[in-house]
Each structure stands twice: as C-alpha cells, then as structure tokens.
Amino acid sequence: MPGLEKRKTPLSDHLHDVFQSWTGDYLFSSNGYTTLFEDCELLCSLAYISIGTSKEDLQQATSGATGRSFAWCPMGRVSWDGQTRRRIMEGWARP
C-alpha cells in the first residue's frame, strides 16, 4: 500500500481510515470509531478461527503439545493497539 510501507498493519490501517471517512456522519467521536473497528476485527478473527481450525487443533495448540501455545489468525490493528484491545476485552468480560 503506497505510503503505508512502514506500518505493521497497512491494509487494516488503510481500511480504518477509509471507513472512518465514510462513517463520520453516523458516529459521535473518533475514539468510538476505532474501538468499533477493532472490535469488528477481533470478531472477524474469531470467525476465521472457527471456520479454519478444528476443535482438536485448538485443544492441541492451547495445551502446548505442538510446541506452541496459540492458533494463528489474522488480527489487524488490534494486534498492536493494546489500549483499545484492553477496552474491548474488558467489555467482552462484562456480563
């Protein structure tokens, strides 16, 4: 992506900016937009895992039997934006 070569997540950053300009009339604050965007990215990551990874593979990954303790999925901006990720995870943890 031209101009985004040094970014960690160039496509995600580009989509964040494009969608933000499209939704400017619908949202009250830009801070709220970033949280919504990254919330959607996390939900898409979970969807990817649920479609592309079997229950057995997830159990093996989390048990450490394969030498790793994770299952790969695309993450986007939320992979490096810890402040927003914490807000989202705290919101998901509330009953």
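The values are calculated or read from the model by the stated rules, or taken from the named source; none is laboratory data. Note that the structure is a prediction, hence the values are computed from the model and not measured. Cβ coordinates were reconstructed from backbone atoms using ideal geometry, including for glycine residues, and neighbour counts include every protein chain displayed. With ligands, DNA and RNA removed, areas are computed over all heavy atoms of the protein, side chains included. Shrake-Rupley method; radii C 1.70, N 1.55, O 1.52, S 1.80 Å.
Some observations on this one:
- Scope region 58-68; condition assigned to a loop (DSSP other than H, G, I, E, B) and either open to solvent by less than 90 Å² (accessible area, probe 1.4 Å) or at pLDDT 85 or above (or both); matching residues: Gly64, Ala65, Thr66, Gly67
For every residue, the table says whether it meets (1) over 19 Å from the mean Cα position of the chain (by Cα); (2) farther than 24 Å from Thr34 by Cβ.
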residue	(1), (2)
Asp57	yes, yes
Ala61	yes, yes
Gly64	yes, yes
Phe70	no, yes
Met75	no, no
Ser79	no, no
Arg87	no, no
Pro95	yes, yes
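- Conditions (1) over 28 Å from Arg7 (Cα atoms); (2) surrounded by 13 or more Cβ atoms within 10 Å (Cβ to Cβ): number failed by Thr34: (1)
- Region 48-57 - residue that is of a type outside the set (Val, Ile, Thr) and part of a helix (DSSP H, G or I) and, of those, most open to solvent (accessible area, probe 1.4 Å): Lys55
- When Gly82, Gly64 are checked against the criterion of being among the small types (Gly, Ala, Ser) and on the phi > 0 side of the Ramachandran plot, Gly64 stands alone in meeting it.
- Selection status of Pro95, touching a Ser or Thr at 6+ places or on another chain (Cβ under 7 Å) and either open to solvent by less than 30 Å² (accessible area, probe 1.4 Å) or part of a loop (DSSP other than H, G, I, E, B) (or both): no
- The sole residue among Asp25, Asp39 that is among the acidic types (Asp, Glu) and either touching a strand residue (DSSP E or B) at 6+ places or on another chain (Cβ under 6 Å) or surrounded by 16 or more Cβ atoms within 10 Å (Cβ to Cβ) (or both) is Asp39.
- Within region 1-47, being among the charged types (D, E, K, R) and not in a helix (DSSP H, G or I) holds for Glu5, Lys6, Arg7, Lys8, Asp25.
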